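Working notes for the structure below.
The values are calculated or read from the model by the stated rules, or taken from the named source; none is laboratory data. None of these values were measured; they are calculated from a predicted model. Positions of Cβ are generated from backbone atoms using ideal geometry, with glycine treated the same way; all protein chains shown enter the neighbour counts.
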Amino acid sequence: MKTERIIIENKEHPEEELLKKPAEILKNGGLVAFPTETVYGLGANALNEEAAKKIYEAKGRPSDNPLIAHIADFDDLIPLVSQVPESGKKLMEAFWPGPLTLIFPKSGLVPYGTTGGLDTVAVRMPADPIANALIRLAGVPVAAPSANTSGRPSPTTADHVWQDMNGKIDMILDGGAVGIGVESTIIDVSGEEPVILRPGAVTQEMASSILGQEIHLDPAIATGPMKAKVKPKAPGMKYKHYAPKAELTLVEGEMKDVVKTINRLVEERLSKGFRVGIICTEETRESYPHGIVRSLGIRTKEETLAHSLYSVLREFDDLEADYIYSESFSKDHLGQAIMNRLVKAAGYHIIRT
Ligand code: AMP
Ligand code: MG
């Protein structure tokens, strides 16, 4: 299949003319990758089981891992769900459009091919103007998981999507680098108590303050599925995700001990002829004399770290690093999402100094 790439120059007010063809492709059961404020999504008509199947094929994604349906307006939610719980209403009003996915009991309209066989459906209303205009024009809810090959870091630029999806999908809309850089927060509001299934840019504190009660993380994400001995509620959590090709190790502790430990480990690996990467921040980048050093951004500005996390992981893939050592970060605010992705990418391999 030949994959067409369309560049959208005006990201705030994309020209409708440019979006007509991709909207038509979506409506007719094809695949279009597009930017959202979190990461690039791989879109298909969420009400068309055959189209959803194509997403699983293009990504190499296990078909029991459900897809998120993206909508353009509040009214688009009603046909997809059998009920909107009070907590869901409050969260929607506070954070939609934006980087928050909510899990509702599904209606009969949503096929099991989209929900991985579940009786619930995940829905999000993206804030990105290109995503919003495209979904509105398509006139259907758009199932859109991250537009990467399953198991690779999520794409935050159209080039990342191109690397993984060229030849496998109909079209890529290139709207430049995304804003946030990590996937949406997922909150399940279908049960008795709302639960966070995936941390993201809508933080635990933000959601808790809207609901006037503390919302907890699914235990499987707080400690890792192995330790928690519980089945993760988001089926996607059981798969190894966001995995770089190199063996990634996180190093935790006092900053000076972390730097010392990383430098020691890097030298050991380099002396054996391996290619070694280091993930750090602007504050420490000068402290690492050897290895391939990449700074994510400014330690106290979590949004800078989130923004470059996946590009840096992908860059180490391209550089064919054998080992990567990463500093660890505060779990406050957006840091919770960053550490969640990093810990998973490291396969829960953490050294405490
Ligand atoms: P992605 O589409 O790559 O952002 O991943 C979507 C995530 O949402 C996966 O971890 C899914 O398991 C999760 N998800 C989607 N639908 C549901 C649902 N109905 N219940 C629980 N988790 C869901
Ligand atoms: Mg994904």
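Among the residues here, ILE278 does not qualify as at pLDDT 70 or above, assigned to a helix (DSSP H, G or I) and surrounded by 14 or more Cβ atoms within 10 Å (Cβ to Cβ).
Mind telling me which of the residues THR115, THR3, THR101 ends up being away from ligand 1 (no atom under 13 Å from the Cβ) and β-branched (Val, Ile, Thr)?
Details: THR115 fails: away from ligand 1 (no atom under 13 Å from the Cβ); THR101 fails: away from ligand 1 (no atom under 13 Å from the Cβ).
Checking each option against the conditions leaves just THR3.
Contact annotation: no residue pair with Cβ atoms under 6 Å, 6 or more positions apart or on different chains, pairs a residue in the stretch 128-154 that is under 26 Å from ASP73 (Cα atoms) with a partner that is within 10 Å of ligand 2 (Cβ to nearest atom) and of a type in the set (Lys, Arg).
Across the stretch 327-349, the qualifying residues are those that are surrounded by fewer than 22 Cβ atoms within 10 Å (Cβ to Cβ) and touching an Asp or Glu at 6+ places or on another chain (Cβ under 6 Å), and the one among them that is nearest to GLU254 (Cα to Cα) is SER328. Of the residues making up the stretch 146-158, those that are within 10 Å of ligand 2 (Cβ to nearest atom) and surrounded by 24 or more Cβ atoms within 10 Å (Cβ to Cβ) number 6. Scanning the stretch 184-212 for residues that are surrounded by fewer than 23 Cβ atoms within 10 Å (Cβ to Cβ), free of Cβ contacts under 8 Å to residues at least 40 places away in the same chain and touching a helix residue (DSSP H, G or I) at 6+ places or on another chain (Cβ under 7 Å) yields a total of 0.
Residues being within 14 Å of ligand 2 (Cβ to nearest atom) and among the polar types (S, T, N, Q) are entirely absent from the stretch 192-209. Residues being touching a Gly at 6+ places or on another chain (Cβ under 6 Å) and within 16 Å of ligand 2 (Cβ to nearest atom): count how many of those fall in the stretch 119-138. Number satisfying all stated conditions: 0.
Applying a threshold of 6 Å to beta carbon distances and a minimum spacing of six or more residues, or different chains, the list of pairs starting in the stretch 72-85 at a residue that is touching a residue at least 24 places away in the same chain (Cβ under 8 Å) and ending at one that is hydroxyl-bearing (Ser, Thr, Tyr) reads LEU80/SER107; VAL81/SER107; SER82/SER107.
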